[in-house]
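Inspection log for the structure reproduced underneath, given as structure tokens.
What follows draws every value from the coordinates through simple rules; no lab data is involved. Note that the structure is a prediction, hence the values are computed from the model and not measured. Every residue, glycine among them, receives a Cβ derived from its backbone with ideal geometry; neighbour counts consider all protein chains shown.
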Amino acid sequence: MQVENKTFFITGGASGLGAACARLLAKSGARVVLADLNQETGSALARELAEAALFVPTNVVDEQSVQQALQAARDHFGTLHGVINCAGIGSAEKVIGKNGPSSLESFTRVININLIGTFNVIRLAGEIISQNTPEESGERGVIINTASVAAFDGQIGQAAYSASKGGIVGMTLPIAREFARYGIRVMTIAPGIFDTPLLAGLPEPARISLGQQVPFPPRLGRPDEYAALAKHIIENEMLNGEVIRLDGAIRMQPR
Ligand SMILES: NC(=O)c1ccc[n+]([C@@H]2O[C@H](COP(=O)([O-])OP(=O)(O)OC[C@H]3O[C@@H](n4cnc5c(N)ncnc54)[C@H](O)[C@@H]3O)[C@@H](O)[C@H]2O)c1
Ligand SMILES: C[C@@H](O)[C@H]1CC[C@H]2[C@@H]3CC[C@H]4CC(=O)CC[C@]4(C)[C@H]3CC[C@]12C
């Protein structure tokens, strides 16, 4: 579908990859709903994007929060044509640490936010999109999820994170197969290493080192490069049920 005059619900839309999608889609004539926990950054971006954007405080793991955010989106923009699931957290914890086995709570938290939060939004937004009047092609909408190359090249310390992203990879095809009857496509992008606030905690030498591990281009990915792929996925109906690595050919080392 063309993005112009369409509405996209972007979780994690207040920062990094999600915010880049919001900026590109708004610049391209779309309307965006910034569904994010962060009131400060979400409100600021909504002000920047003016009438093209609506910020709605949202916790993707909370059913009522997502339902209210989706309703706010429909109340404000009238409908919903797509979702970009960018909400997520990083984590680094060995299975067996200095003090013994890692906590179940930390593993559960990463799975809840990254995997179950993504599924929660897919199921609630998918039901809404399935009620759209179809395009001439029969398409009603598109859902784009964000995994990570860690789903395939998980490093030491990334058991929870890689499991959460592997789950997103795993559910892409079965949901695309089910949603085909509604004319809703389901895709997943697996980014490599991108220059976003998620990496902000890393010392500059570590960030440079990570970028140099990328075969080509030897640098961190730019959020606008992620957004460009997301926009293309929206516009290319033949992209469905697939996971696209966006990583400069990096294959993460064990640590
Ligand atoms: N940056 C990278 O190198 C990289 C690589 C691979 C995958 N990813 C994935 O891309 C996605 C976006 O990451 P980013 O780099 O833009 O990070 P980011 O930290 O800049 O943005 C993540 C956003 O998600 C929001 N968020 C977190 N938990 C939430 C929740 N429960 N409900 C709603 N919003 C929530 C945060 O407030 C934040 O605004 C994440 O899923 C991340 O795992 C990032
Ligand atoms: C492929 C990406 O998903 C990983 C590449 C770099 C990783 C980050 C490295 C710094 C970590 C700091 C931390 O303690 C929490 C997890 C990290 C942010 C980690 C998250 C996964 C990526 C982005």
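Odds and ends about this structure:
- Rounded FRET efficiency, nearest 0.05, which uses the C-beta distance separating Glu136 from Ile156 and R0 of 35 Å: 0.10
- Segment 7-246: mean projected area of Cα convex hull, nm²: 13.2
- Magnitude of the charge dipole, segment 7-246, Cβ model with Lys/Arg +1 and Asp/Glu -1, debye to 20: 380
- Degrees separating the helix 63-77 axis from the principal Cα axis of the chain, which is the longest one: 40
- Each DSSP beta bridge with both residues in segment 7-246 is either parallel or antiparallel, and the antiparallel ones are about 5%.
- Gyration tensor verdict on segment 145-215 (Cα atoms; rounded if a/c is under 1.5, prolate if a/b is larger than b/c, oblate otherwise): prolate
- Most mobile listed residue (Val60, Val33, Val110) in the chain, GNM with C-alpha springs under 10 Å: Val110
- Helix-only arithmetic for the chain: the sum of -39500 (n - 2.57) across DSSP H runs with n ≥ 4, divided by the residue total, places the mean residue ellipticity at 222 nm at -12500 deg cm²/dmol.
- Rough spin-label spacing in nm, given labels placed 7 Å along Cα→Cβ, for Arg222 and Glu204: 2.0
- Here the contact order of the chain, divided by its residue count and restricted to Cα pairs under 8 Å and six or more residues apart, works out to 21 percent.
- Note on the chain: lysine pairs with Cα distance below 23 Å, sequence gap of 8 or more or different chains, count 5.
- Dimensions of segment 127-255 along the principal axes, based on C-alpha atoms and rounded to the nearest Å, stand at 51, 27, 23, largest first.
- Put simply, the amide H of Ile89, placed in the peptide plane, has neighbours under 5 Å in Asn114, leaving out anything fewer than 5 places away on its chain.
- Toward the positive end of the charge dipole of segment 7-246, with +1 on the Cβ of Lys and Arg and -1 on the Cβ of Asp and Glu, the farthest Cα among Pro134, Gly13, Ala160 is that of Ala160.
- The chain: most fluctuating residue of Leu17, Leu70, Leu49 per GNM, C-alpha cutoff 10 Å: Leu49
- C-alpha long axis of helix 159-179 to longest principal axis of the chain, angle in °: 30
- Residue among Met187, Met238, Met171 with the largest mean-square fluctuation in a Gaussian network model of the chain, springs linking Cα atoms under 10 Å: Met238
- Computed from point charges on the beta carbon alone (+1 for Lys and Arg, -1 for Asp and Glu), the dipole magnitude for segment 97-229 about its Cα centre is near 320 Debye.
- Dipole magnitude (debye, nearest 20) for segment 1-124, charges at Cβ of Lys, Arg, Asp, Glu: 260
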